[in-house]
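Participant: Quick one: this structure, given as structure tokens, is what I'll be asking you about.
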Amino acid sequence: MFDFSGFSAALALTLILGVNGAFTEGDCEVCVSFLGRFYQSLKDNDVKFNSADIEGALMKTCKNSKGKENRLCYYIGATSDAATKILNEISKPMSHHVPVEKICEKLKKKDGQICELRYDKEMDLSTVDLKKLKVKDLKKILEEWGEMCKGCMEKLDFIRKIKELMPKFAPNAAKARTEL
């Protein structure tokens, strides 16, 4: 009889990491994007590339993060409510200018959730029928804009608030909607 137990584990590992163990397109999209922008901001602001300065800048950047990027910050321990801290897994290699793809690859081994994060697809506000969206999605639009709808109880209240704020946050969409 042939023993498949070792084979299935090896096959699963190959499927997870890809054939050569490297990332495939779209893997760790939030990690790679966020850390890529973070690395560029370090270079742009002439931050010293030592672990302590990188960790401090990362904590500061994570304070202002939202959505999936805030979730990434939580996973790596850069938020005040995080249970674990693996910041050194970012700051140390980054201080040696290791590519962010390699850093995220290493983080994936520490915590698989990091690479499961995906950005939400952008909604085209110029064509979407707001009445067909769920209240949750309407609230999400306002949250992305950094706005709240105080006193909104009904779906129409949220729609009214979005239409009111659209010229400020999505001027092209507002213009397209008035032309319809």
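The values are calculated or read from the model by the stated rules, or taken from the named source; none is laboratory data. It should be emphasised that the depicted structure is a prediction, and the values quoted were computed from it without experimental measurement. Ideal geometry is used to build each Cβ from the backbone, glycine not excepted, and the neighbour counts take in all protein chains shown.
Participant: Counting just the residues of region 107-163 that are β-branched (Val, Ile, Thr) and within 26 Å of residue 64 (Cβ to Cβ), which one comes out modelled with the lowest pLDDT?
Facilitator: 141
Participant: Still on this model: If you take the residues of region 37-52 that are closer than 18 Å to residue 86 by Cβ and surrounded by 14 or more Cβ atoms within 10 Å (Cβ to Cβ), which of them is modelled with the lowest pLDDT?
Facilitator: Per the stated criteria, the residue is 51.
Participant: Which residue out of 78, 82 is in contact (Cβ under 8 Å) with a residue 12 or more places away in the chain, under 22 Å from residue 119 (Cβ atoms) and not in a helix (DSSP H, G or I)?
Facilitator: 78
Participant: If residue 72 meets every condition in (1) surrounded by 15 or more Cβ atoms within 10 Å (Cβ to Cβ); (2) aliphatic (A, V, I, L, M); (3) without any contact (Cβ under 8 Å) to a residue 12 or more places away in the chain apart from one, which number is that one?
Facilitator: Failing condition for residue 72: (3).
Participant: Still on this structure: Output the qualifying pairs, or none if there are none: Cβ atoms under 8 angstrom, residues six or more apart or on different chains, first residue in region 45-56 and in contact (Cβ under 8 Å) with a residue 40 or more places away in the chain, second residue of a type in the set (A, V, I, L, M, F, W, C).
Facilitator: Filtered contacts from region 45-56: 49/42; 49/94; 54/42; 54/47; 54/90; 54/94.
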